[in-house]
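Reading through the C-alpha cells given below for one structure.
The values are calculated or read from the model by the stated rules, or taken from the named source; none is laboratory data. None of these values were measured; they are calculated from a predicted model. Note that each Cβ is placed from the backbone with ideal geometry, even for glycine, and that neighbours are counted across all protein chains shown.
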Amino acid sequence: MSLSEKDCVPCKGGVAPLTAAEIAALLAHLDGWALNAAGHLEKTYAHDGFRRGLEFVKKVGEMCEAQGHHGDIHLAWGKTRLEVWTHKINGLVEADFVWAAKADALWKGR
C-alpha cells in the first residue's frame, strides 16, 4: 500500500519521533519533499497565477479536515508551500509522510 492510500493516524503525544534512518526511508517515497531547518517536511508547488494555487489550497484543506491532521499552508502568487510535522511531539511520524503523499496526489489530480 502506498503512503497516499493510508490514513493519517493521530498522534496522542508521548510517542517518539521517527529516527533519522526512518525519516530517510520514508522521504525516499516522496517526490520533491525535503526537511527544512526546523526538521519539518516541506515542499513548494509552482503554478500559474493565484487561482490555481487557491484551488489546490482548498483541496489540501479538505484533506486536512478528513484526515484530522493539519499542516501549514502558505499561498502566494505562483507558488504554494506546504509544511507538515506533528505538533504534539515537535517531530515527524508516519502520518506526516502520509499527509505529504496525499497532498502530492491532490496536486497530480488537479
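Listing for the model above:
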| item | result |
| --- | --- |
| Criterion (aromatic (Phe, Trp, Tyr) and more than 28 Å from Ala21 (Cβ to Cβ)) met by exactly one of Phe56, Phe97 | Phe56 |
| Number of positions in the range 17-47 that are on the phi < 0 side of the Ramachandran plot and assigned to a loop (DSSP other than H, G, I, E, B) | 13 |
| Subset tally (residues that are buried (at least 16 other Cβ atoms within 10 Å of the Cβ), touching a strand residue (DSSP E or B) at 6+ places or on another chain (Cβ under 8 Å) and over 14 Å from Tyr45 (Cβ atoms)) for the range 61-110 | 8 |
| Condition met for Leu82 (in contact with a Lys or Arg (Cβ under 7 Å, 6 or more places away or on another chain) and aliphatic (A, V, I, L, M)) | yes |
| Residues within the range 50-91 that are aliphatic (A, V, I, L, M), closer than 18 Å to Asp7 by Cβ and part of a helix (DSSP H, G or I), tallied | 3 |
| Hey, Leu30 modelled with pLDDT of 95 or more and either loosely packed, with under 11 Cβ neighbours inside 10 Å or closer than 19 Å to Val9 by Cα (or both) or not | yes |
| Test: residue in the range 62-75 that is farther than 30 Å from Ala16 by Cα and out of contact with any Pro (no Cβ under 9 Å at 6 or more places or on another chain) | yes |
| Residue tally, condition modelled with pLDDT under 95 and small (Gly, Ala, Ser), over the range 55-70 | 2 |
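Conditions tested, residue by residue: (1) in contact with a Ser or Thr (Cβ under 9 Å, 6 or more places away or on another chain); (2) closer than 16 Å to Glu83 by Cα; (3) among the polar types (S, T, N, Q); (4) without any contact (Cβ under 8 Å) to a residue 60 or more places away in the chain.
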| position | (1), (2), (3), (4) |
| --- | --- |
| Met1 | no, no, no, yes |
| Lys6 | no, no, no, no |
| Lys12 | no, no, no, no |
| Ala21 | no, no, no, yes |
| Ala25 | no, no, no, yes |
| His29 | yes, no, no, no |
| Trp33 | no, yes, no, no |
| Thr44 | yes, yes, yes, yes |
| Met63 | no, yes, no, yes |
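So that you can scan it fast, the table gives a plain yes or no per residue for (1) surrounded by 14 or more Cβ atoms within 10 Å (Cβ to Cβ); (2) closer than 13 Å to Asp96 by Cα; (3) among the hydrophobic types (A, V, I, L, M, F, W, C); (4) at pLDDT below 95:
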{"residue": "Lys12", "(1), (2), (3), (4)": "no, no, no, yes"}
{"residue": "Ala34", "(1), (2), (3), (4)": "no, yes, yes, no"}
{"residue": "Ala38", "(1), (2), (3), (4)": "no, no, yes, no"}
{"residue": "Glu42", "(1), (2), (3), (4)": "yes, yes, no, no"}
